[in-house]
Every structure is written in structure tokens, then in C-alpha cells.
1. Check which residues have an amide H placed less than 5 Å from residue 282's amide H, if you skip close sequence neighbours.
2. Please list, in chain and number order, the residues 5+ apart from residue 96 or on another chain whose amide H is under 5 Å from its amide H, with Hs placed from the backbone.
3. For region 59-106, compute Rh as the Kirkwood radius over C-alpha pairs and then the Stokes-Einstein diffusion coefficient at 20 °C and 1.002 mPa s; write the answer in µm²/s, rounded to an integer.
4. Modelling each spin label as a point 7 Å along the Cα-to-Cβ direction, I'd like the residue 221/residue 11 distance in nm, to one decimal.
5. Suppose the chain between residue 81 and residue 106 were pulled fully straight at 0.36 nm per residue; how much longer would it get relative to their current alpha carbon spacing?
6. First measure r as the distance between the Cβ atoms of residue 277 and residue 91, then evaluate 1/(1 + (r/R0)^6) with R0 = 25 Å and state the FRET efficiency to the nearest 0.05.
7. For the residue pair residue 268 and residue 228, what label-to-label distance in nm results when each label sits 7 Å from Cα along the Cα-to-beta-carbon direction?
Amino acid sequence: MTEEIEPARRDAVRFPGISPRAYEHPVDRGALATLRAVPGFAQVIKAISGFYNERGERLMALASSIRVGPRQYPELDRLRHECAETLDLPAVPNLFVYQDPNLQASALGMDEPFIRISTALVDQMSHESLRFVIGHEMGHVLSGHAVYRTIMVRLINLQMSMSWTPVSALGIRAIIAALSEWYRKAELSCDRAGLLSSQDPAAALRAQIQIAGGLDPSRIDIPSFLKQGAEYESVDDIRDSILKLKYVETETHPFAVVRATQLQRWAASEEYRAILAGDYPRREQDAPTTDWKDDLKSAAKSYKDSWTASTDPLTKVFSEVGESVADTASKVWSKFGGNGDNS
């Protein structure tokens, strides 16, 4: 690690009983609702859950990496407990450090989720940036993302072993594509959870700069870095728009510069300040539901708002076509006796 852990956190806000809805991106919830509606999804989840033994995955982590505790990476153990306490997790997930030269972290497991971070993260990131990363993974656990992430990893492995049966693999491929689309949105949610854990937008930004390739954040100009995100979002050639769709399709994570831009935008929002002030939904208010209409509506509004603000030419085409279709449908509905409340 690049610097020592402070003896104690100062002026940290904690969020008793916080619901994942407080930080979840609306498109994350909408994408998950859509995913659950994919034909065969429930059956695949049930089959994969029963076929694999989670105990084996935990044993592999235990056998091949370092489990963080009071006597092993005690500074990380403190961060682990701090993040769990800040987000008020019901239980503190185990944290493992594994050998890898890449900056990586993940939350896996279904019954007892656990977190893995690479040695590169521990070596290269400051303690405040590590708090953001660990808090990000705690967000996955609190939101229940670890379940679907685990399923996605298992399905990808299963797809590779079934490549000789294209018909059988086709359905799995469709579900993997839907899972990947959802997981990209889930990453945006958990960046927010990481920020709530660290409460330091600058540390979060440094972490994302390092993930993007800035080995030494002090050598990176922040305005120039964020300008990259603005340029990516505001391309003026439709060919670039199509290329963006092509390249993001196979990614499980949003691009680092785009993530950083979106998180800094949220850090400056009234929504983030309200949560810090204690104005956020509680888990005790969450009601189990099988109706995802509100999530889909919220996602649709988020997409519409981003389309309206976007200068991307392909996005504007989609937006204009959508508005045209909606306007035509409204006129047809009115002509045949519909009313505005139901349009």
C-alpha cells in the first residue's frame, strides 16, 4: 500500500438501515427487472444454483489467497469493517487478497458472499481509494448483485464447455448478454455505494484514474481526464456512435473514464448531499415485490433524461424516433376515445 492507515476515521457519516434503493442507479434496477423477464431466466438460475457448490468456491478462495483478518492485512481488515458499518450490512463479508498484477476486485457467492481484491490494488492504491473499492464491493453484496454476478461467471464458464453444442449454448448466450448489460449498470450503482463508504470524491476519482491506466494519479490532470469523458459522450459522427455500441456490447464493466465522469456528476448532486444528511430510504421500508413496473418506469425516465441531454447523434435519432412514435400513439389513442390519463 502506498500510505499507512489512519488510527481512526474522522467525521464519517454512517447510514443505519440504508436501503440499496438509496444509491442504486435507476437503470440498474430497470435492467435487472428486464433481465428477470427474459424467457427461461428463472429456470436457468435455479438449475445453475443447484448444479454448483458454493462451498467449493469459498474453499478455493481459502486455499489460494490470503484471508484478511486482525493478523493478516490488519489495515484492510479495518477498512472491511468500516465499510460494512458505514453501509450497515447485516454481516461483514470475508475479504481475500489474491495474487494478480491487474487492478481487480469482485464480490462472489450467493449464500455467504465474499470479496476478492488483487495484490495490485493493495500495492498501488491509497487507503482512501481502497476504502472506495471495498465499499463498492460491499454495495454489490447489499444489493444482492453477488448472486447474479456469480451466476454470470458460472454461465460464462459453462458456455465455454458447451461450445460444441451451438443450439444449447444459444440460449445461454442470450442470458449472458442480458446479464452483462445489467452488470454494466450495476457497476454504476456500486460506484455510488463506494462513494458513500469513502465520502471522498477525490479518492474515488483517483481510484478510477488508476483503473483507467494512471499508475501515478499525481501525474494526471483531473480536468483533462474528465474532459475525455465529456468528449466520449458528445461525439458528433454517427459512425462513432455505432462503434461505441459495438465495443461496449462485450464488456462486463462500463469504461473507466465514463464511470468516473458519471460518479463525479452524482457526487455534485442534491441526491448525494441528501443521503449524507440522513435523508434516504430504509431497508425496513422495502417491501418484497414481483411487480417491476416502477423500476422499468424509473429506468425509462433515466434513459429519456440522458437522451435529451446527450449530443450523441445516434442517441438523438433514437430519442426523436421514440418521441415520434409516442406522439403518434397518443393521437391514435385520442381518436378512438382514449383519455390523456391512460396514454
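The numbers here are math on the coordinates, done by the rules we state, and not lab data. On a predicted model such as this, the values are computed, not experimentally measured, just so you know. Glycine gets a Cβ as well: all are built from the backbone with ideal geometry, and neighbour counts include every protein chain shown.
1. It is 19, by chain and number.
2. Hits under the 5 Å cutoff: 68, 115, 116, 117.
3. Taking Rh from Cα pairs, D becomes 184 µm²/s.
4. 3.0
5. Contour length minus Cα-Cα distance gives 7.3 nm.
6. Approximately 0.40, to the nearest 0.05.
7. With each label placed 7 Å out from Cα toward Cβ, I get 1.9 nm.
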